[in-house]
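The values are calculated or read from the model by the stated rules, or taken from the named source; none is laboratory data. Predicted model only: the values in this text are computed from it and were never measured. All Cβ positions, even for glycine, are placed from backbone atoms using ideal geometry, and neighbour counts span all protein chains on display.
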Amino acid sequence: MRTPLARVRDAARGAGLASRLPVKALPGAAATVLLVAAVAGLSRVPYALGGEEQATLRLSWRLQGEAVEECRDLSPEELERLPVHMRAARTCKSRGVSYALEAKVDGQPLVRDVVHPAGARGDRPVYVLEDVPLAPGPHRVSVTFRRSDGSEGDPGLAFDGTLLFAPREVLLLTYDPGARRLFVREPE
């Protein structure tokens, strides 16, 4: 009986690959070669996406969310039920603010959504990412982004203008935090 060390020594002396390759491995190796050849062949097949002449309006921005804190005073009965070290006369809960997003193109509403802040507690930024497919040509675009709770004094964000879309062009409507406004980023 040969030891493992002897087998390694024999292999190092030039025993050929064919003598070490088990016969059971041949079907698996052949199937792998066929699969790789099939993938390589199929990767050369032309594929046309639908709507090649369409343009796209992309709404994409990130907004640092706001938090609303709701506080109330605890009653004496509620305070009695709490452990001594947790007895605070006032309790507060914080929640993130949701926003209503509406996009109209040529007067037709195409996007109407409520955007919630990210995170398990709603304390992360608000992300907007919407693609609106459009026919090439000029379109009147109107986008509003306001707090969904209808609070007064919140001007929200808005864009209203006519944009010219070329075939297969993507126009990006995004947010400028310095100016606190929505604007169209010009293609580079």
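The table below lists the values:
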item	result
Filter result for ASP113 (part of a strand (DSSP E or B), of a type outside the set (Ser, Thr, Tyr), over 27 Å from GLU52 (Cβ atoms) and over 25 Å from the mean Cα position of the chain (by Cα))	no
Strands (runs of 3 or more DSSP E) contained entirely in region 1-110, each with at least 1 residues that are closer than 27 Å to SER142 by Cβ and modelled with pLDDT of 85 or more	55-63, 99-105
Restricting region 140-153 to residues that are part of a strand (DSSP E or B) and of a type in the set (S, T, N, Q), the residue that is farthest from VAL126 (Cα to Cα)	SER142
Qualifying position, being in contact with a Cys (Cβ under 6 Å, 6 or more places away or on another chain), of a type in the set (D, E, K, R) and more than 14 Å from GLN64 (Cβ to Cβ), among ARG81, ARG95, ARG121, ARG90	ARG90
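Rundown of residues vs (1) assigned to a loop (DSSP other than H, G, I, E, B); (2) surrounded by 12 or more Cβ atoms within 10 Å (Cβ to Cβ); (3) in contact (Cβ under 8 Å) with a residue 24 or more places away in the chain, yes/no style:
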{"site": "ASP123", "(1), (2), (3)": "yes, yes, yes"}
{"site": "TYR127", "(1), (2), (3)": "no, yes, yes"}
{"site": "GLU130", "(1), (2), (3)": "no, yes, yes"}
{"site": "PRO155", "(1), (2), (3)": "yes, no, no"}
{"site": "LEU171", "(1), (2), (3)": "no, yes, yes"}
